[in-house]
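Accompanying notes for the structure given below.
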Amino acid sequence: MSREIKFRAYVKDIDQLDENEIPHKGNFIYGNLVRGDGYDFITSGMHMFSGGYTNFEWQWMIKKGSAEQFTGLNDKNGKNIYEGDIVCVSDVYEDVCYVDAVIWGGKDDYPAFDLKNHAVEYDSNALSSIFNGDFEIIEVIGNVHTNPELLEAQHDTRTD
């Protein structure tokens, strides 16, 4: 089974996206990542033309290094989990959860997706431990761009 490598980028001014007919979901554009010298780009799929010429249906320039990659994992509701998502991790036996942000390279800069503040509590990367175990559930509850206040109260909360 192959997994698609997908990216997203946060765009503050969605009016510009609408004016340029760039497809988006809220403040996020989704697509492929093309790295440039000073900037990166999120793009549509590539179109081939005669003579080997290629072009994108659309592209949007973003700040270098600001693209967020899909982890290849889905939360308990089937929602894709991306870098920059804020998640609630709950124990299957209790109605409490901890809130944390998904990052790339957590504990000891291990090359994997991890949780920003809870990585040290796991022997390996936190996301791998959660998805390979049977005692925790993960749910996307926001993202670091539009819901940073969710991370401010770094404490366990009750789930409903």
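The values are calculated or read from the model by the stated rules, or taken from the named source; none is laboratory data. Being a predicted model, the structure only gives us computed values, none of them experimental. Positions of Cβ are generated from backbone atoms using ideal geometry, with glycine treated the same way; all protein chains shown enter the neighbour counts. Accessible surface areas use protein heavy atoms only, side chains included; no ligands, DNA or RNA. Shrake-Rupley method; radii C 1.70, N 1.55, O 1.52, S 1.80 Å.
Screening segment 29-94 for strands (runs of 3 or more DSSP E) wholly inside it with 1 or more residues that are charged (D, E, K, R) returns the ranges 39-43, 59-63, 68-74, 85-91. Of all the residues in segment 131-145, those that are surrounded by 14 or more Cβ atoms within 10 Å (Cβ to Cβ) and not in a strand (DSSP E or B) number 3.
Residue 50 meets the conditions (1) open to solvent by 60 Å² or more (accessible area, probe 1.4 Å); (2) touching a Ser or Thr at 6+ places or on another chain (Cβ under 9 Å); (3) at pLDDT below 95 in every case but one. The failed one is (2).
Give me the residue from segment 9-28 that is under 14 Å from residue 144 (Cβ atoms) and part of a strand (DSSP E or B) and, out of that set, most open to solvent (accessible area, probe 1.4 Å). In this case the residue turns out to be 10.
Note on segment 62-82: residues that are touching a residue at least 24 places away in the same chain (Cβ under 8 Å), open to solvent by 40 Å² or more (accessible area, probe 1.4 Å) and not polar (S, T, N, Q) total 6.
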